[in-house]
Every structure is written in C-alpha cells, then in structure tokens.
Amino acid sequence: MVVWSDNNTMEPIFFLRGFPGLEYVYLWLSIPFCLAYLAAFVGNVTIIFVISMESSLHQPMYYFLSVLAMSDLGMSLSTLPTKLSVLWLDAREISATACYAQLFFIHTFTFLESSVLLAMAFDRFVAICIPLHYTTILTNSVIGKIGLACLLRSVGVVLPTPLLLRHCHYCHVNALSHAFCLHQDVLKLSCSDARINSVYGLCVVIATLGVDSVFILLSYVLILNAALGIASHEERAKALNTCVSHICVVLIFFVPVIGVSIVHRFGKHLSPIVHILMADIYLLLPPVLNPIVYSVRTKQIRQGILHRFGLGRRL
C-alpha cells in the first residue's frame, strides 16, 4: 500500500503485526508488556540517578554502567510507542519515515549496548590484569573518548541503513513481522534489488556484534589467566567476583541475539508467535534485567540505592 506525499512521490505505508490469533486478548497481553517497560524505565533511571548522585560511584566501572543504562533506556523506549499502539489501539499503520526512524534508533542502541559491554570488559581487564596502572589508563578523559567512540561507531554504522532503504521500492502488501520496525524485516518486503542493503547489514553485524563478542571473550581469557596467577584464594575470588555482574549482562544480551538469529535462519517452519516473542525478548530482556543484576550483585550500587531512597543506612 502506498500514499501520495506533498512532493508527489510515493511513500509506502507499513503494517505492524501484533500477535496473530490473539487479538481478542490484546488488553490482557498489554499488562505484562507495560510492566516490563515500566521496570526497564524505573530500573535504568534509578541506576543513572544513583551513579550521578553518589560521589563514591564516580569510577570508570560505574561510568560505563550509566552509559549501559542509557542505552537500555533508549532501546526500550524505541519500541514502546508502536508496541502499545498495536496492543491498546490496534493501530497497525506506520509511515515509511517513522519506520526508518524507529529502526535507526533500535539498531543504534543495540550496537551501542554491544560497544559498551566491550568497554566494560576492557575496564575489568585493566583492573585485574594491570591494576597498578588502572587510574592512569582509565582517566576521565579516556572514559569520555571511549564513550564518544562507542556512540559515533553505533550511529555511523546504522545511519546508511535508512538512507539505503529509502531507495527501495515496495510493491506488495507491506506487512511487517513485528509490532516495530527492524532492518531485515523491512528489507524483505522490497521488490527491488536489495543485495547492497543485505550485504551492508551483514557486514555491520559482523563488524559490531561479531567483533565485540570476540574481544569480550578474549578479554575474559586474559582475565581468567591473570586471576589464576593470584596466589591468595581469597584475592582470586574477590577479583573474579567483580566480573560476575558483567558476565551476566553479556549473556543476557548476546544469548537472545544468538537465539533470534538461529530462529530466523532455521526456524522458518515455526509459528509466527515464536519469532515475535524471540524479538520481544531480545529487545526487552536486557533493559529489564540489567538494572536488577547490578542492583543485586554490586554492593556499592545496592547501598547507593538504599541510601538515596532512605531505605537503609550506609554500611
């Protein structure tokens, strides 16, 4: 379906898909999604607030954690409008411009999260492998440059995507697979030659998620090797314990990404509900669970939250 815009060009209208066959329970389905979005918003805003207000948390590890919380917040808010519009209002139409903007933000925050997880792995590597140089290597200036580099890389690799999609022609029923726009989902609706878009998208995934995961794995191999070299069992356990939260967050992010890729590649025979749920898990699980992991596993964050909200006293 297409509509005429003011400059006499044809702009496609895309149709968002909710949960096929479950339209009669959309109101009930919206409850867990609303709770998930609320948990993501409250949890990540709390992390950002506590880190900004607690001077004891003004350290490289927590600076990176605050950027991770911002990324999670952006990722969840990117899908919120269309997801709730479908569930509450059954509003399925979205213009091409709005769709391209949404997929730009979704993919940018996804790649930003991957970049920040790599930066956090580097922080743990420096803290455990070369602790005497930790403060001289990870200065505030260096942290700012790393954060800026993560943002510029994420924006830079995603920016060509909506520009390339604008040159595609859509001549079929433009029904998307989800209640939000994703690059591959939009691309498969194109009836023009989309090889450039497809190859570019694959290269971006390899250069971001693929490279980041390899370097995160490498950093933990080096961290484990350094930790095993510590003579004291107590000091070794303490060093590795500082990495547990980060390892959990890495798994929370990359396992759903791998799951979505496997289902997309080998699960074509599965019900559409499975594909939809996997995409929702991939985009909602990290923003919901990451603040919980750091609040429960990190004593300084937990104490900061209790102190700021008057729920306890500083130990």
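The values are calculated or read from the model by the stated rules, or taken from the named source; none is laboratory data. Just so it is clear, the structure is predicted and the values come from calculations on it, not from any experiment. Quick reminder, even Gly has a Cβ in these numbers, built from the backbone with ideal geometry, and neighbours come from all protein chains shown.
Criterion first (buried (at least 20 other Cβ atoms within 10 Å of the Cβ), modelled with pLDDT of 90 or more and part of a helix (DSSP H, G or I)) does L151 satisfy it? It is false that L151 is buried (at least 20 other Cβ atoms within 10 Å of the Cβ), modelled with pLDDT of 90 or more and part of a helix (DSSP H, G or I). Taking Y200 and the conditions (1) out of contact with any strand residue (DSSP E or B) (no Cβ under 7 Å at 6 or more places or on another chain); (2) assigned to a loop (DSSP other than H, G, I, E, B); (3) of a type in the set (F, W, Y), which numbered condition does it fall short on, given that it satisfies the others? That leaves (2) as the condition not met.
Among the residues making up segment 266-281, those that are at pLDDT 85 or above and either touching a His at 6+ places or on another chain (Cβ under 9 Å) or surrounded by 21 or more Cβ atoms within 10 Å (Cβ to Cβ) (or both) are I276, M278, A279, D280. Summed over segment 281-315, residues that are touching a Ser or Thr at 6+ places or on another chain (Cβ under 8 Å) and free of Cβ contacts under 8 Å to residues at least 40 places away in the same chain total 1.
Among the residues of segment 185-225, the ones that are acidic (D, E) and at pLDDT below 85 come to 1 in all. For segment 160-172, state whether one or more residues are free of Cβ contacts under 8 Å to residues at least 24 places away in the same chain and of a type in the set (S, T, Y). No, the conditions are met nowhere in segment 160-172. Considering I137, I143, the condition of being of a type in the set (A, V, I, L, M, F, W, C), farther than 27 Å from E11 by Cβ and over 25 Å from the mean Cα position of the chain (by Cα) is satisfied by I137 alone.
Checked against the criterion of being in contact with a Gly (Cβ under 8 Å, 6 or more places away or on another chain), assigned to a helix (DSSP H, G or I) and closer than 30 Å to C181 by Cβ, the candidates V293, V257, V288, V214 yield just one match: V288. Scanning segment 155-197 for residues that are in contact with a strand residue (DSSP E or B) (Cβ under 8 Å, 6 or more places away or on another chain) and closer than 22 Å to D280 by Cβ yields N174, A175, L176, C181, V186, L189.
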